[in-house]
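Where a number appears in this text, it was derived from the coordinates with a stated rule and is not lab data. Just so it is clear, the structure is predicted and the values come from calculations on it, not from any experiment. All Cβ positions, glycine included, derive from the backbone under ideal geometry; neighbour counts span all protein chains shown.
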Amino acid sequence: MRWDEVDELLRAALQKEVAEGVKRLEGLEERVIQELARRPARESLWQRIREFLTRPTPRWALVGAMAALLLGFALGRLTSPSPIPQWSPNLFVIAAPGARSVAVVGDFSAWQPLPMSDPDGDGIWTASIPLPPGRYEYAFLVDGKWIGQDPLAEEYLRTFGEYVSVRYVGGSRENLSS
């Protein structure tokens, strides 16, 4: 096949493509206008907001439930006492909901359990133990299980494979060691 034959075949194929494209473009403007006329007009922002606010939907139930929950939480926080007693160096506190017995043990009691109490049954157990200034190692026994890492402790130590918490009464580690 020669180059002039290839050119002629390409020219014929392109003319055919253009002719088919022209047929598809005929009346395009009218078809677009008809399609746009068929579509509903878009509502303004205010119309959409008004419709959203006035239409009863499950969203409003969720909004109402959230508002009631927030109001209840706010009223509960304003009307109830703080669940955790004011912290002092002599107060030992642990959250143990569902526990039957809780005790604190430490070098201040020769590692003998001192019972803690939860008078209102909210799962916050407390014991007030008067301690003179110094450094104290301690842990909790919750239903007989050793809990050695108190979140309120100043540091932790690992002794005999178990953690114990450390509390400084009457100053910090630096003040009591000097």
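Taking every alpha-carbon pair under 8 Å whose residues sit at least 6 apart, the chain reaches a relative contact order of 14 percent. Per-residue ellipticity at 222 nm computed for the chain from its helices equals -13000 deg cm²/dmol, with DSSP H segments shorter than 4 residues left out and the rest contributing -39,500 (n - 2.57). Based on the Kirkwood approach, the hydrodynamic radius assigned to the range 98-142 is 11.3 Å, with every pair of different Cα atoms included.
Between Phe160 and Asp120, what's the calculated FRET efficiency when r is the beta-carbon distance and R0 is 35 Å? Round to 0.05. With R0 = 35 Å, the Cβ-Cβ based efficiency is 0.50.
Take the convex hull of the alpha carbons in the range 1-54; its mean projected area over all directions comes to 6.9 nm². Across the chain, the convex hull enclosing all Cα atoms gives 447 Å³ per residue.
Across the range 23-34, computed HN-Hα scalar couplings (Karplus, 6.51 cos²θ - 1.76 cosθ + 1.60, θ = phi - 60°) run 4, 5, 7, 5, x, 4, 4, 5, 5, 5, 5, 5 Hz from first to last residue, x flagging Gly and Pro.
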